[in-house]
1. Given Cβ point charges of +1 (Lys, Arg) and -1 (Asp, Glu) and nothing else, what value in debye, to the nearest 20, does the dipole of the stretch 215-330 about its Cα centre take?
2. Just add up the charged neighbours of Asp217: K/R +1, D/E -1, any other residue whose Cβ is under 15 Å from the Cβ of Asp217.
3. How do Val95, Val215 rank when sorted from fewest to most other Cβ atoms within 10 Å of their own Cβ?
4. Report Rg/Rh for the stretch 246-295, rounded to two decimals, where Rg is the Cα radius of gyration and Rh the Kirkwood radius.
5. Amide H to amide H, which residues 5 or more places from Gly84 or on other chains are under 5 Å from it, using H placed in the peptide plane?
6. So, R0 is 45 Å and r is the distance between the beta-carbons of Leu292 and Asn90; what FRET efficiency does that work out to, to 0.05?
7. Translational diffusion coefficient of the stretch 167-279 at 10 °C, 1.306 mPa s, Stokes-Einstein with Kirkwood Rh over Cα pairs, in µm²/s as a whole number.
8. From the square roots a ≥ b ≥ c of the eigenvalues of the alpha-carbon gyration tensor of the stretch 77-137, which class results: rounded (a/c under 1.5), prolate (a/b over b/c), or oblate?
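Values in this text are rule-based calculations from the coordinates and carry no lab data. Everything numeric here is computed off the predicted structure, so don't read it as measured data. No Cβ is skipped: glycine too gets one built from the backbone with ideal geometry, and neighbour counts run over all protein chains shown.
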Amino acid sequence: RYDRFGPAGLGGNASGGAGGFGGFQERDIEDIFRNFGDIFGGHSIFDGVFGGGNNRRSRAGQRGVPGGNLRAKLQLSLEDIADGVEKKINVKKYVSCKSCNATGSADGDAGYTTCTTCSGTGEVRQVARSVFGQFVNVSACPTCNGEGRVVKNKCRSCYGEGRIMGEEVVSINVPAGATDQNTMTVRGGGHAGIRGGPSGDLNVEFEEVTHEHLVRDGLNLFYELNLSVVDAALGADVEVPTLKGRVKMVIDPGTQSGKLLRLRGKGIPDVHNRAQRGDQIVRVQVWTPKNLSQEETRLLEKLRHSPGVQPPVKKTEDKQSFFSRMSAFFN
């Protein structure tokens, strides 16, 4: 049910007369190739290439006109994406008319008459002549839409279309690990066809909702942890939010701003392999206070010139770029 994303034939009778190049016989070009029927399995080469022959003449046997496709957006939270979820959406669309059982006729299947435009074939032909001969263009009959029949007594509910505007609840099974702007196709979830024709498809585009605390990057999640200067210096036990609730983390004494901590397996699963799951990366951000009381200011002034609170002078060989440190962390 779910997915991840009429040709016209040539035909006619031969006609006499000379024309074209050097007395070339003006004939239906399909007949010329039909002479090679034994070579191509008993059919004209145009039957296979252009959809002619028996396939072309079966148009009148087709019931109704196919319905159109629809598009819809479905909002998903990171929690929905992490585990997969079944969502139901209301879709406004054409649905089959129950009054006439989608036939469009007040008399049901018996309320039809043969189309006089195409004499029931469902096709109309236009002949064009050129220096190469006679070409016949075959298309669906505009009067009966290729059905070969028309409604005699139209249904009062749908006015002969076999469908009415309505609403339908469609279930969408969202796989774990789906990504923003992914599209899922629900076969037959679109508009109902005219007079019993096949329904179109419903294309559902996923829209990832911004999370309150977490930011997604592929399979990984990122969280910024604000630490006070005191907690960063002395160490602390903290709680951080994850998609499965809050978890405890131990912050070591002397933790620097920008340090990256990893919670393994707390990220998003791979949509193609649920056994593979990303991590949650916690980035420490040491927060510097702005509004200090007199007592707090006095305490910090005592520490201003203390050797233990002074940043070390890094040697050139100890310096690493931010990208080098990031690469080392993930490798």
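1. On the way: 19 positive and 13 negative charges, 60 e Å.
About 280 debye.
2. Details: positive: Arg216, Arg262, Lys266, Arg277, Arg283; negative: Asp180, Glu208, Glu224, Asp270, Asp279.
Result for the local shell: 0.
3. Details: Val95 18, Val215 13.
Lowest to highest Cβ neighbour count: Val215, Val95.
4. Values: Rg = 16.7 Å, Rh = 13.8 Å.
When Rh is taken as the Kirkwood radius, the ratio is 1.21.
5. Ala176, Gly177
6. On the way: r = 55 Å, r/R0 = 1.23.
In this case the efficiency is close to 0.25.
7. Details: Rh = 17.6 Å.
My calculation gives 90 µm²/s for D.
8. Values: a/c = 6.53, a/b = 1.70, b/c = 3.85.
Judged from the Cα gyration tensor, the stretch 77-137 comes out oblate (a/c at least 1.5, b/c at or above a/b).
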